1. Is there a residue being within 23 Å of Tyr302 (Cβ to Cβ), modelled with pLDDT of 95 or more and not assigned by the TED database to the domain that holds Pro216 anywhere in segment 149-170?
2. So, in segment 224-239, how many residues would count as being of a type in the set (A, V, I, L, M), without any contact (Cβ under 8 Å) to a residue 40 or more places away in the chain and open to solvent by 10 Å² or more (accessible area, probe 1.4 Å)?
3. Mind counting the residues in segment 306-326 that are assigned to a helix (DSSP H, G or I), of a type outside the set (D, E, K, R) and either in contact with a strand residue (DSSP E or B) (Cβ under 8 Å, 6 or more places away or on another chain) or within 29 Å of Ala226 (Cβ to Cβ) (or both)?
4. If the Cβ limit is 7 Å and pairs must be 6+ apart or interchain, which residue in segment 188-214 that is not assigned by the TED database to the domain that holds Ala140 pairs with which residue that is among the β-branched types (Val, Ile, Thr) and open to solvent by 40 Å² or more (accessible area, probe 1.4 Å)?
5. Looking at segment 176-223, which of the residues that are among the hydroxyl-bearing types (Ser, Thr, Tyr), open to solvent by 20 Å² or more (accessible area, probe 1.4 Å) and part of a loop (DSSP other than H, G, I, E, B) is nearest to Thr152 (Cα to Cα)?
6. Any chance you could count how many residues in segment 18-67 are open to solvent by less than 50 Å² (accessible area, probe 1.4 Å) and assigned to a helix (DSSP H, G or I)?
7. Please enumerate the residues belonging to segment 68-83 that are open to solvent by 10 Å² or more (accessible area, probe 1.4 Å) and touching an Asp or Glu at 6+ places or on another chain (Cβ under 8 Å).
8. Filter segment 13-37 down to the residues that are in contact with a strand residue (DSSP E or B) (Cβ under 7 Å, 6 or more places away or on another chain) and not acidic (Asp, Glu) and list them by number.
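The values are calculated or read from the model by the stated rules, or taken from the named source; none is laboratory data. What you see is a predicted model; the values in this text were computed from it and never measured. So basically every Cβ, Gly included, is an ideal-geometry build from the backbone, and we count neighbours across all protein chains shown. Only protein heavy atoms, including side chains, enter the accessible area calculation; ligands, DNA and RNA are left aside. Shrake-Rupley method; radii C 1.70, N 1.55, O 1.52, S 1.80 Å.
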Amino acid sequence: MTAVHTTYRDAIREALREALRDDERVFLMGEDVGRYGGCFAVSLGLLEEFGPERIRDTPLSESAFVGAGIGAALAGMRPIVEIMTVNFSLLALDQILNNAATLLHMSGGQLSVPLVIRMTTGAGRQLAAQHSHSLEGWYAHIPGLRIITPATLPDARGMLRPALECPDPVLVFEHGSLYNAAGDLDEPADAVDIDNAALRRTGTDISLITYGGTLPTTLAAAEQLAAEGIEADVIDLRTLRPLDEASILDSVRRTHHAVVVDEGWRSGSLSAEIAARITEHAFYDLDAPVERVCTAEVPMPYAKHLEDAALPQTDDVVAAARRVVG
C-alpha cells in the first residue's frame, strides 16, 4: 500500500475509474460529464479512457436522464448519474421521490433500483442562489433513499463502491468547497463503511455534530475551543439516511452538551431532526439545551462578504459551544 498525494476531486475520479474498470455494468451519465470532463472536472479524462458508451453526455433535462438511470438500474445495470448541482436536482425530484425511492415498496419487493446519483451541494464559492444551497436534508426526509455525504479524502475515494453494491438508490452529496482539499491517501484504497458516523476528534466537554462541507469548520472550532480548555467530540455523520442515531447519543451521554452544525436552513432542517432525537432519547443526560448553527434563512448571496455572513463560520460554532458549556 502506497500513500499518494491527491485531492478530493481526484479521489472521486479514481473511485469512478475503479468502478468502471471492475464492473462492465457501471456507466456514468450526466450533463457535460464526457467531452467537457464534468462541470467540476471530476470526470476529466474518463471519456477518452472508457469511451462514449460508458461516459454519456446527456441533454439538459434532469428529469429525463435521472429517469433513464432508474430504467437502466431496473434492467440490471449499475448507473452513476451526475447532476450538476443540488439546486438542479429539483427538476428530477419526481423521478427520485416517486420512482427511485418507491418502486421497491410498490412492487412488493420485486423491483430494486440500484442507482447512484452524485451531485454537488453547498455554498462558499460565490455561485449565488441557484447553485449554492444545501438541500441534502430534504432528501434525508425520504424513505427508500440512502443519503451519503463524504467529507474526507478516504470517504471520497471509498464510498462509491459500497454505494454501487447497495440495492437501494444512493444519493451522494459532494460539497463544492471540498473539491480542492488535498492530502495523502493510501492506494489501493479499501471500501469504507456507509452505515455509521465517524468520530473525527475525541473530547469530554461537548459534542459537535456535523457533516460534509461544515466538517472543516467544525474541526477548526474544536481546535479553538481546546485552546480555551473545552475539549469537543466532533462527529461526522457521513450518512444522513439512515442516520446513525446510536453514535450521536453515545457521544451526548458522555459529554452532556451538544451543538449541531448544518449548512442547511434552520427551519425544518436536519439539525432540527438531530436536536429532536437527542431530546427524545437523551434529555436527562443533557446539562443544557441543544444549540444549532445553521445557514441564515435567505437565498444565498453572491457577494463574498454577504455569503460568508450567511454561512456557518468557525466563530459561530465556538460561540455556540461556549454558550452551551456556560
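1. Looking for residues that are within 23 Å of Tyr302 (Cβ to Cβ), modelled with pLDDT of 95 or more and not assigned by the TED database to the domain that holds Pro216, one finds none in segment 149-170, hence no.
2. Residues that pass the stated criteria total 2.
3. 10
4. Asp205/Val325; Ile206/Val325
5. The residue in question is Thr202.
6. Of the residues in segment 18-67, 11 are open to solvent by less than 50 Å² (accessible area, probe 1.4 Å) and assigned to a helix (DSSP H, G or I).
7. Arg78, Glu82
8. Leu16, Ala19, Leu20, Arg25, Val26, Phe27, Leu28, Met29, Gly30, Val33, Gly34, Arg35
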